[in-house]
Amino acid sequence: MIIASNLTKKYRKKVAVDDVSFKVENGKVTGFLGPNGAGKSTTMRLMLGLDNGGGKTIFDGHPLTEQRQPAKTVGILLEAKAFHPTRSPRNHLKILAEAGGVPLSRVDEVLEIVGLKDVAKKKPGKFSLGMSQRLGIAAAILGEPKYLILDEPANGLDPEGIAWLRDFLKDYADKGNAVFVSSHLLSEISQMADNVVVIGRGKLIADTSIAELVAGNKRSGVFVRSPKLQVLEQALAEKKATVTKADGGLRVAGVSTDIVGKLAFAKGVPLYELSAHNASLEDVFLDLTEGSEEYTAGKGKAK
């Protein structure tokens, strides 16, 4: 796995990353979330040794500088247009392959994977942001690395491209690799990621699975309808559950559907409806990062 420990970065008096530690597990996609200015990109650069700062990051027990073949250890996408504007995608990838000890046959494979085969000989200077991102992803996966570190890879992709990226990253992790990906598209992270790391103003806010993060949010709970609501409400109160009446039933926080179902059965209470009502990742994210935003929009109405 990747283990980042005590990552710290200061710019004069401003602390951009403040003693941040977390793990990125093999076989999983880990989402990296935070408001604008939270320190996500700086954290990734610190992990890769591209910025000077405190702390360390190890990949399978060793820093990236000690890896014999870095290109086969970690694939990186930090900038959407990190290529020469007049060098064709094929030639760009060939240079990277030669530098990283990757067979040149891999170049056409990754161009096919990311959907750039038909423009492999074109000059990328006028590529759209989405096409540039695809080329960046091709470069990241060129060496078939065990780890991927991707900063906002979905920026500029169309809906088909976003769906492709989601499925590709999930499949990449399922093969035993680890993917660490930042994004502001919370709906995408909720669909692709197993775990999530959240930072705000450079500080670690959460490092857990998405399932645990959502289930533990105050907006998550259970909705239940029954002809004997009063009996069920009393039984739930005895279990220290938080109960509110809503929509002809009860909204219950602090328990699962299994617990409510077993309790209803024990009390002889028939159920008309029993369902989990989890908060969205967006709800959870906004709750977690409230007060830690670097930049906030005004509340005035457009004129």
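Assorted remarks:
- Counting only strands (runs of 3 or more DSSP E) that fall entirely inside segment 220-284 and contain at least 3 residues that are without any contact (Cβ under 8 Å) to a residue 12 or more places away in the chain and surrounded by fewer than 16 Cβ atoms within 10 Å (Cβ to Cβ), no element qualifies.
- Looking across segment 110-145, the residues that are over 24 Å from the mean Cα position of the chain (by Cα) and either of a type in the set (A, V, I, L, M) or within 18 Å of I76 (Cα to Cα) (or both) come down to L111, L116, V119, A120.
- Check on S292, among the hydroxyl-bearing types (S, T, Y), touching a residue at least 24 places away in the same chain (Cβ under 8 Å), farther than 28 Å from L185 by Cβ and not assigned by TED's automatic domain parsing to the domain that holds N195: no
- Residue count for segment 263-293, restricted to those that are within 27 Å of the chain's Cα centre (by Cα) and either aliphatic (A, V, I, L, M) or modelled with pLDDT of 95 or more (or both): 6.
- Residues that are out of contact with any helix residue (DSSP H, G or I) (no Cβ under 9 Å at 6 or more places or on another chain) and surrounded by fewer than 16 Cβ atoms within 10 Å (Cβ to Cβ) were ranked within segment 164-198; the one that is nearest to D18 (Cα to Cα) is H184.
The values are calculated or read from the model by the stated rules, or taken from the named source; none is laboratory data. Treat the numbers as computed from the prediction; the structure is a model and nothing was measured. Cβ: placed from backbone, ideal geometry, glycine included. Neighbour counts: every protein chain shown.
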